[in-house]
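Input: a single structure, listed below in structure tokens.
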Amino acid sequence: LEAAFERLTMAELGLRLPITAGQFYGVWQHFYDDNFSGTDFTTHYVVLGFRFRVAEEDLILPDEQHDDYRWLTPYALL
């Protein structure tokens, strides 16, 4: 789990973080009618969410999976 956390924070944030930097936030499930190889069977993802604080200037946000990052205030989100 620790190695996966570091690998994913590097891939998603451009910043390798140890799992101890995060606060466990919960478990989420995502269900899809298809999968990466076609529509022969469905996909079920189990996601372990973590929260952590980082300085924006420390991030190197990659654009391979996401390309429209935005920082919003809590008020703007509601």
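The numbers here are math on the coordinates, done by the rules we state, and not lab data. Note that the coordinates shown come from a computational prediction; the quantities given were computed from them, not determined experimentally. A quick note on method: Cβ atoms are made from the backbone with ideal geometry, for glycine too, and the neighbour counts reach across all protein chains shown.
Filtering the stretch 47-78 to residues that are in contact with a strand residue (DSSP E or B) (Cβ under 6 Å, 6 or more places away or on another chain) and without any contact (Cβ under 8 Å) to a residue 24 or more places away in the chain leaves only 47. Filtering the stretch 1-15 to residues that are on the phi < 0 side of the Ramachandran plot and within 13 Å of the chain's Cα centre (by Cα) leaves 4, 5, 6, 7, 8, 9, 10, 11, 12, 13, 15. Scanning the stretch 37-78 for residues being in a loop (DSSP other than H, G, I, E, B), within 21 Å of residue 6 (Cβ to Cβ) and basic (Lys, Arg) gives a total of 1.
Among the residues making up the stretch 1-36, a single one is in contact (Cβ under 8 Å) with a residue 40 or more places away in the chain, loosely packed, with under 13 Cβ neighbours inside 10 Å and in a helix (DSSP H, G or I): 11.
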